[in-house]
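Here's the structure we're looking at; comments come further down.
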Amino acid sequence: MKILILQLARLGDIYISWPAVRAVRRMYPDAEIHFMTRPRFEGAVEGLTAINKHLTLPSGHILQPLVNETVNTEESLNRMEEFVETVRAENYDQIINLTFSPFSSYLTHALTMPHTSVLGYTRFRDGFFCAADEVSAYFYAQVGINKPNRVHVADIFASMIGTEYVEQDWEAPVLPEISISLPEAFLTVHVGASEKHKALTADAWARALDYFSRRYEGMPIVLIGAPNEMDIANEIIEKAPNAAITNLVGQTKMNELFTILKRSELLIGCDSAPIHMASLTDTPTLNISVGNVNFWETGPKATLGLIYRFEDSQDIVPERIGEIIAQLLEGHADPELIMRTPGLASYGKVESAEQEFAWKLVQAIYLGGDYPVADRIEIIEGAMKLDEINDFMMSQFALIPEKGVNAIAPFIDGGEDVIKSISRIVPELRPMIDWYHAEKVRVAPGTQEEIIAATLSVHERFKRHLRVYVPQDEIITTVEAKDGTL
């Protein structure tokens, strides 16, 4: 059996994928497993012994004709076709797309042979988007910034490939020897982040670490980061005179960070690859989560993983961070911290009633859990309006064979507009509406009769979810209006 696993996102996403790749190896011990990444992030594959072959997507080579003075689209397409044909010749039995991006769906489709089974995003034969399995449909509908999902991406990967992790899936790789001299005990600080808006400023880091060093004297601090973060490190050192800092920013290879993290008492960092590397070394981790980040999905998975959450960087008080770090080294977790917990959701956090309702609704729709109680009349009214428009749209689909698609399409489009507006007006119902839209997208190409039947099936299931929140007397009235009987 030959398997291709795609992970075309960033460094952190590749490290989050390690346990899933190892789980695939456990499931298929004799398989030939290939793993594809972008060239820029190939360092994150070093040490991943579960694969037989590492492939890189030559995006620079493919796109180069498009950035020349004379744009040559045809040459770029030819280069892409050559790459696809080379990889397609591997004749994979299974493709597992862990990237969840539009481009990766096209690439997965292009590499799929008639006998290939696919997990993750791909395309139907007509080129339209296809969520190939239930879990990728869940990802499409419920995962992302400002979405209700509370399941970590690593656990979503495991669910998609159909397994549960074992301890060995999360082991660190064989740790490389490093020539760098490290203190006997130290904490590690990653000074950067995957994106600038997720990072602390050099001044904020300096104030936090200087306060920590005055509060907890004698603990050395090791700074890590990429070469382009060296200026940040130098500014931190200059502005934190009380801190005993060893500066390794720009001086280590990616896999050498495993050794540093394994020896560290604690990692402190914003959202970036070291957070996920520390999950593999099981290093206690304090994740400073800032701004447009969904920590539920990408937070630390180390046994002692904690999150200090800020919706806005303006809310950060660096000295408070320094105090919290000192408390952790003394064995105390501040009540403001979000704690790593076992179970479906990886972290424990008290949320608003609206957020709790949305997450419970997700569990009801996808996992058969109890539907949450509607505590606002707007939820009931929204569900009633959705039920009404859903019935209307079902009646319109039933008329297509008689009147034709062109005559019915404006009414269906109008119904979809109403559904979208309710999603904005009653956010508690958004998970159900997003489920509905994802299921509509999953309707495969076919004959008109097949498409109508599949679409009506989605509307019937939508109705069953909605009727939980429609008062019984309203249901009876609707039935009477239809056929005059109970």
Query raised in the report: Which one of these does Asp282 not meet: (1) open to solvent by less than 10 Å² (accessible area, probe 1.4 Å); (2) over 18 Å from the mean Cα position of the chain (by Cα)?
Result: (1)
Query raised in the report: Listed residues His34, His54; which is within 14 Å of Asn97 (Cβ to Cβ) and outside any helix (DSSP H, G or I)?
Result: His34
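Yes/no per residue for (1) modelled with pLDDT of 95 or more; (2) surrounded by 12 or more Cβ atoms within 10 Å (Cβ to Cβ); (3) under 26 Å from the mean Cα position of the chain (by Cα); (4) more than 20 Å from Leu361 (Cα to Cα):
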site: Arg430; (1), (2), (3), (4): yes, yes, yes, no
site: Ile433; (1), (2), (3), (4): yes, yes, yes, no
site: Ala438; (1), (2), (3), (4): yes, yes, yes, no
site: Arg442; (1), (2), (3), (4): yes, yes, yes, yes
site: Pro445; (1), (2), (3), (4): yes, yes, no, yes
site: Val468; (1), (2), (3), (4): yes, yes, no, no
site: Ile475; (1), (2), (3), (4): no, yes, no, yes
Query - Residues of the range 360-385 classified as touching a helix residue (DSSP H, G or I) at 6+ places or on another chain (Cβ under 6 Å), part of a loop (DSSP other than H, G, I, E, B), within 22 Å of Glu439 (Cα to Cα) and among the small types (Gly, Ala, Ser), total - result: 1
Report summary line: Those residues of the range 351-364 which are touching a residue at least 60 places away in the same chain (Cβ under 8 Å), open to solvent by less than 70 Å² (accessible area, probe 1.4 Å) and not small (Gly, Ala, Ser) amount to Phe357, Trp359, Leu361, Val362
Query raised in the report: Which residues, taken from the range 67-88, are in a helix (DSSP H, G or I) and aliphatic (A, V, I, L, M)?
Result: Leu77, Met80, Val84, Val87
Requested in this report: State yes or no: is Ser59 surrounded by fewer than 17 Cβ atoms within 10 Å (Cβ to Cβ), farther than 15 Å from Leu111 by Cα and among the small types (Gly, Ala, Ser)?
Outcome: yes
Report task. Would you point out the residue of the range 286-298, among those that are closer than 23 Å to Ser264 by Cα and more than 10 Å from the chain's Cα centre (by Cα), that is surrounded by the most Cβ atoms within 10 Å (Cβ to Cβ)? Result -> Asn287
Query - Among (1) within 30 Å of the chain's Cα centre (by Cα); (2) on the phi < 0 side of the Ramachandran plot - the single one Leu399 does not satisfy - result: (1)
Query raised in the report: Any idea which residue in the range 252-262 is surrounded by the fewest Cβ atoms within 10 Å (Cβ to Cβ), counting only those that are farther than 15 Å from Leu223 by Cβ and either among the basic types (Lys, Arg) or without any contact (Cβ under 8 Å) to a residue 60 or more places away in the chain (or both)?
Result: Lys253
Report summary line: Per the list (1) without any contact (Cβ under 8 Å) to a residue 40 or more places away in the chain; (2) assigned to a loop (DSSP other than H, G, I, E, B), residue check on Glu42 breaks on (2)
Query - Residues (surrounded by fewer than 17 Cβ atoms within 10 Å (Cβ to Cβ) and under 32 Å from the mean Cα position of the chain (by Cα)) located in the range 239-251 - result: Gly250, Gln251
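Being part of a helix (DSSP H, G or I) and over 24 Å from Gly269 (Cβ atoms) narrows it down to one of Ala154, Ala141, so name that one.
Result: Ala141 is the single residue among Ala154, Ala141 that is part of a helix (DSSP H, G or I) and over 24 Å from Gly269 (Cβ atoms).
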Query - Filtered residue count, the range 157-192, keeping only those that are on the phi < 0 side of the Ramachandran plot, open to solvent by 20 Å² or more (accessible area, probe 1.4 Å), assigned to a loop (DSSP other than H, G, I, E, B) and not hydroxyl-bearing (Ser, Thr, Tyr) - result: 14
Report task. Identify, from the list Thr298, Thr281, Thr259, the residue that is more than 13 Å from His190 (Cβ to Cβ), of a type in the set (Ser, Thr, Tyr) and in contact with a Phe, Trp or Tyr (Cβ under 9 Å, 6 or more places away or on another chain). Result -> Thr281
**Report entry** Any chance Ser105 is touching a Phe, Trp or Tyr at 6+ places or on another chain (Cβ under 7 Å), within 25 Å of Arg125 (Cα to Cα) and either of a type outside the set (Lys, Arg) or at pLDDT below 95 (or both)
**Finding:** yes
Report task. Identify the residue in the range 89-122 that is closer than 19 Å to Tyr138 by Cβ, among the small types (Gly, Ala, Ser) and outside any strand (DSSP E or B) and, among all such residues, is most open to solvent (accessible area, probe 1.4 Å). Result -> Ser101
Query raised in the report: Would you say Thr86 is among the hydroxyl-bearing types (Ser, Thr, Tyr), in contact with a Pro (Cβ under 6 Å, 6 or more places away or on another chain) and open to solvent by 10 Å² or more (accessible area, probe 1.4 Å)?
Result: no
Query raised in the report: Scanning for something among the charged types (D, E, K, R), open to solvent by less than 40 Å² (accessible area, probe 1.4 Å) and over 25 Å from Met339 (Cα atoms), does the range 216-226 turn up at least one residue?
Result: no
Requested in this report: Could you tell me whether the range 186-200 includes any residue that is touching an Asp or Glu at 6+ places or on another chain (Cβ under 9 Å) and closer than 30 Å to Lys360 by Cβ?
Outcome: yes
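In the range 405-463, which residues are of a type in the set (A, V, I, L, M), part of a loop (DSSP other than H, G, I, E, B) and in contact (Cβ under 8 Å) with a residue 40 or more places away in the chain?
Within the range 405-463, Val426, Ala444 meet the criteria.
The values are calculated or read from the model by the stated rules, or taken from the named source; none is laboratory data. Everything numeric here is computed off the predicted structure, so don't read it as measured data. We place every Cβ from the backbone using ideal geometry, glycine too, and count neighbours over all the protein chains shown. Just the protein is used for accessible areas: all its heavy atoms, side chains included, with ligands, DNA and RNA removed. Shrake-Rupley method; radii C 1.70, N 1.55, O 1.52, S 1.80 Å.
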